[in-house]
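So the structure is just underneath, and the comments pick up after that.
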């Protein structure tokens, strides 16, 4: 099944984006000291809430959800609350040595290029910027991100700042929509999780 794009005209009234880290905690049976280890595999989770909609918009949403075939379908989704829209076109530079820091180039020189909380995508992975980033006099910048990259992006890979996307799947095989008189749907909530 092909990976679909979330329809641009289906904009939720509320989104709840979150990160599910993959950790393991060990508690010593001797002194109760705690050690926690972060493992690869953190993933994005999202809840999209739609207000009461007319029959046409409700039908559009139902058709998209039905086309996914439950949890078998895949779709790309961007954080609606912070879609980006930067005019910059940065690239990955060099080889990544720290999977929490993205080496980048092609920025305007000595400029605040990203703010903490901005999203970006590269190499099929969606990341959140964890601190403000200012480019160097040479247009380079090291971007701190979370979660850590699963795979190092290629040198010169394009970085998406406008509607950066993650590949998602629904978290359940079924959905339902309640209709009110006058063919108006009640609020609808769609939940999804990143898949890789």
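Readers should treat all values here as calculations from the given coordinates under stated rules, not as data from a laboratory. Values in this document were obtained by computation on a predicted structure and should not be read as measured data. No Cβ is skipped: glycine too gets one built from the backbone with ideal geometry, and neighbour counts run over all protein chains shown.
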Exposure-ranked with fewest Cβ neighbours within 10 Å first, 118, 132 stand as 132, 118
Ranked from fewest to most other Cβ atoms within 10 Å of their own Cβ, 140, 65 fall in the order 140, 65
At a threshold of 8 angstrom on Cα-Cα distance, excluding pairs fewer than six apart, so keeping six or more, what relative contact order does the range 83-164 reach in percent? 41 percent
Once the range 36-168 is represented by equal point scatterers at the alpha-carbon sites, with solvent omitted, what log10 I(q)/I(0) does the Debye formula produce at q = 0.14, 0.20, 0.22 Å⁻¹? -0.70, -1.15, -1.33
Please give the helix 55-68 orientation as an angle from the longest Cα principal axis of the chain, in degrees from 0 to 90, rounded to the nearest 10. 60 degrees
Tell me the relative contact order for the chain as a rounded percent, counting alpha carbon contacts under 8 Å between residues six or more apart. 27 percent
Output row, site residue 156, 7 Å Cα→C-beta label point, backbone N cut-off 18 Å, window the range 70-95, residues 89-95
Can you put 15, 3 in order of Cβ neighbours within 10 angstrom, beginning with the fewest? 3, 15
